[in-house]
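What follows draws every value from the coordinates through simple rules; no lab data is involved. Small disclaimer: the values here were computed from a predicted structure and weren't measured. All Cβ positions, even for glycine, are placed from backbone atoms using ideal geometry, and neighbour counts span all protein chains on display.
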Amino acid sequence: MIEEGKVLINGKLAHLGDEVVDGDEVIAGGVVVAHKESHCYYLMNKPKGYICSVKDDRGRKTVMDLVPEGIGRVFPVGRLDYDTEGMLILTDDGDLAFRLTHPKSEIGKTYLVKIEGSVTEAELNKLRAGVELDGKRTNKSRIRIVETDKSYTKLHVTINEGRNRQVRRMFEVIGKTVVFLKRIRIGELGLGSLPRGKVRKLTPEEVYYLKNL
Ligand code: URA
């Protein structure tokens with residue numbers, strides 16, 4: 001078909017030996033066999049002091065202020081509080097954003113949580129089993145202590161919901177104050193070593209993973 005001039009790669013006539021990569025559009029004999037990737041996907045390490053929306057009526061800094069120019073019309077998927085940092089996905093793919101944030105998806109999101117003082121296993125078991133917030137029980141969560149000190153405790157907490165200020169309010173129920181909160185994982189996808197405030201493109205494998213969560 002290539003020799004007969006029936007194959008187009010990104011609108012140009014293909015030649016024998018041409019290579020295509022993920023995201024290229026291939027049309028063979030008038031049939032689209034590979035679509036052009038029309039969406040873009042980024043990962044941000046959100047610093048605290050930024051809100052997760054495209055605009056803010058109160059003039060606060062938004063995560064969009066950290067998005068380099070030329071990236072396109074992306075928006076943040078889900079929310080992290082003003083004071084929360086860590087992993088945030090930005091995309092222009094509304095379908096993916098909808099699926100990732102839909103309550104029925106129940107995708108695990110893991111947070112590094114630092115609380116003042118200490119916490120007992122009995123208190124953590126209460127959180128693991130679910131506590132009442134706004135008259136509705138939270139789903140079960142996974143919690144483990146990763147570091148303790150005289151004045152603080154650090155934990156990894158995985159929840160599969162995204163209720164307003166959920167982690168902070170869960171700890172309030174057992175009388176603990178969260179002094180630092182960072183999202184470090186969405187499903188099995190980790191934040192890695194992306195510096196605070198920086199944005200990078202998600203790899204095709206990472207996008208594939210998110211689309212199949
Ligand atoms: N839980 C919170 O309390 N805040 C966040 O930003 C995310 C989860």
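Here is how the numbers come out for the structure above:
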| read-out | value |
| --- | --- |
| Strands (runs of 3 or more DSSP E) enclosed by the range 144-213 - at least 1 residues per element that are within 16 Å of the ligand (Cβ to nearest atom) | 152-159, 178-186 |
| Identity of the residue in the range 114-166, in contact (Cβ under 8 Å) with a residue 60 or more places away in the chain and closer than 21 Å to VAL77 by Cβ, that ends up surrounded by the fewest Cβ atoms within 10 Å (Cβ to Cβ) | ARG165 |
| Output for the range 133-143, where each listed residue is within 14 Å of ARG169 (Cα to Cα) and within 16 Å of the ligand (Cβ to nearest atom) | LEU133, ASP134, LYS136, THR138, ASN139, SER141 |
| Residues located in the range 81-98, provided they are of a type in the set (A, V, I, L, M) and out of contact with any Phe, Trp or Tyr (no Cβ under 6 Å at 6 or more places or on another chain) | MET87, LEU88, ILE89, LEU96, ALA97 |
| Residue under evaluation VAL119, criteria (1) under 17 Å from ARG185 (Cα atoms); (2) more than 13 Å from the ligand (Cβ to nearest atom); (3) touching a strand residue (DSSP E or B) at 6+ places or on another chain (Cβ under 8 Å); (4) not acidic (Asp, Glu), criterion not met | (1) |
| Candidate set from the range 62-98 (those that are within 16 Å of the ligand (Cβ to nearest atom), over 21 Å from GLU206 (Cβ atoms) and not hydroxyl-bearing (Ser, Thr, Tyr)); member that is surrounded by the fewest Cβ atoms within 10 Å (Cβ to Cβ) | ASP83 |
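Yes/no matrix, rows are residues, columns are (1) over 30 Å from MET64 (Cα atoms); (2) in contact with a Cys (Cβ under 8 Å, 6 or more places away or on another chain); (3) not small (Gly, Ala, Ser):
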| site | (1), (2), (3) |
| --- | --- |
| TYR82 | no, no, yes |
| ILE89 | no, no, yes |
| LYS104 | no, no, yes |
| GLU116 | yes, no, yes |
| GLY130 | yes, no, no |
| ILE143 | yes, no, yes |
